[in-house]
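> Could you have a look at this structure, given as structure tokens, before my questions?
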Amino acid sequence: MTRIIHLSDPHFGTEDPGLLHPLCAWVQGAKPDVVVLSGDLTQRARPVQFAAAARFIAALPAPVLAIPGNHDTPLGNLALRLFRPWYRYHAILPELEPMADAGTARIVGVNTANPLVWKDGRITPAQLDRLHRTFDAAPDRRRIVAMHHPIEGPPGEPRSLVGAAEAAAAFAAMGVEIVLSGHLHFTYAAPLSLAPGVLSVQAGTCVSTRTRSDGNAFTMLDLGDSSVTLTHIRAQPDKTFRADADWTLRQEAGRWTAPGL
């Protein structure tokens, strides 16, 4: 079994300080093979916010695979945003698209944040080519992508990723099994409608006060030989974290299936 903790959207600058230690303690106790942090580390890409994000990452069990989100490039400093959009991000993390081998899986990050727009993302043919090469270098490992913007969100959510249809087709062709994303501050999991062999797993915001109905939450994935069990971990009123639901999906005939899907 391979265990992945999927965190997203801490938005340092808007964090609830009372959640930081309980979350890190819960994750430490879960003994994951890898922690994935799928973007929006900060609220406004300010140095003090990146410093807080760096302390948070250091308190998590290694390895941590972190990627940027649309909030991680400066909003108010136009020159920095246009010409050195990741200067502050690189002060704490050297790579925009890191890769990690954990258990039976290879997890590859994709930077979908586009500094030329504020909110929406993009994925390019060059990024898809790089993914293909990176996965082909480890043919025996299961293939997982981490990216901030989802290819598909829950019903009723507008699409926020340019190139989503092309990415779904490419992921299916290269054998990607799971895509981990954030951005919407809402927990959700379902096979992609365009590629039912690819499971989309969205995490809510782990510690930010910018919550939706899901509250503060994150997801744990336990990979079996042809299955994945997803556990939803939610913050409680007393600032502790507790697993409040889990469900198992199985790969059957080239698609992910579960009761109700």
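Laboratory data are not the source of any read-out in this text; all were calculated from the coordinates shown. Just so it is clear, the model here is predicted, and its values are computed rather than measured. Reconstructed Cβ throughout: ideal geometry from the backbone, glycine too, with neighbour counts over all protein chains shown.
> Name the long-range amide H neighbours of PHE12: under 5 Å, sequence gap of 5 or more, or other chain; modelled H, no Pro or chain starts.
THR42, GLN43
> Could I ask something else about it? If I take R0 = 41 Å and measure r between the Cβ atoms of ARG250 and ASP129 in this structure, what FRET efficiency does the formula 1/(1 + (r/R0)^6) give, to the nearest 0.05?
On the way: r = 31 Å, r/R0 = 0.75.
Plugging the Cβ-Cβ distance into 1/(1 + (r/R0)^6) gives 0.85.
> Oh, and also: Counting DSSP beta bridges in segment 2-257, what percent are antiparallel, to the nearest 5?
On the way: 34 of 59 bridges.
Restricted to segment 2-257, the bridges split so that about 60 percent are antiparallel.
> Under 5 Å between amide hydrogens, which residues at least 5 positions from ALA138 or on another chain qualify, with H placed 1.01 Å from N in the peptide plane?
Counting only residues 5 or more places away or on other chains, the set is empty.
> I would also like to ask the following. Could you compute the FRET efficiency for ALA59 and ARG212, with r as their C-beta to C-beta distance and R0 at 30 Å, rounded to 0.05?
With R0 = 30 Å, the Cβ-Cβ based efficiency is 0.75.
> Using only alpha carbon pairs under 8 Å that are at least six residues apart, calculate the relative contact order of segment 1-107 and give it in whole percent.
Working: 173 pairs, mean separation 31.6, N = 107.
The value is 30 percent.
> Using the crude model of +1 on Lys and Arg Cβ and -1 on Asp and Glu Cβ, and no other charge, please compute the dipole size for segment 2-257 relative to its Cα centre, in debye to 20.
On the way: 24 positive and 24 negative charges, 115 e Å.
For this selection, approximately 560 debye.
> Roughly what percent of Cα-Cα pairs across the chain reach past 24 Å? List each step's numbers first, then the result.
Values: 14319 of 33930 pairs.
Counting every Cα pair in the chain, those more than 24 Å apart make up 42 percent.
> Additional query: What ³J(HN,Hα) values, in whole Hz, does the Karplus curve 6.51 cos²θ - 1.76 cosθ + 1.60 give for segment 216-230 when θ = phi - 60°, with x put for Gly and Pro?
After applying 6.51 cos²θ - 1.76 cosθ + 1.60, I find 7, 7, 8, 10, 10, 10, 10, 8, x, 5, 9, 8, 9, 9, 9 Hz.
> Can I ask one more? Please check: in the Gaussian network model of the chain (C-alpha springs, under 10 Å), which one of ARG55, ARG122, ARG143 has the largest mean-square fluctuation.
Looking only at ARG55, ARG122, ARG143, the largest GNM fluctuation is found for ARG55.
> Using modelled backbone amide H atoms (1.01 Å from N, in-plane), which distant-in-sequence or interchain residues come within less than 5 Å of ALA189's amide H?
Result for ALA189 returns GLN202.
> With a 10 Å radius around each residue's Cβ, average the other Cβ atoms per peptide and rank 156-167, 3-14, highest first.
Details: 156-167: 16.4, 3-14: 25.3.
The packing order, highest mean first, is 3-14, 156-167.
> Moving on. Calculate the dipole size of segment 1-98 relative to its Cα centre from +1 charges on Lys and Arg beta carbons and -1 charges on Asp and Glu beta carbons; express the result in debye to the nearest 20. Write down the numbers at each step before the final one.
Numbers: 8 positive and 8 negative charges, 49 e Å.
It works out to roughly 240 debye.
> Continuing with the same structure: Which ³J(HN,Hα) values, rounded to whole Hz and listed in residue order, are derived for segment 189-196 from phi using the Karplus coefficients 6.51, -1.76 and 1.60 in 6.51 cos²θ - 1.76 cosθ + 1.60 with θ = phi - 60°, glycine and proline given as x?
8, 6, x, 5, 5, 7, 7, x
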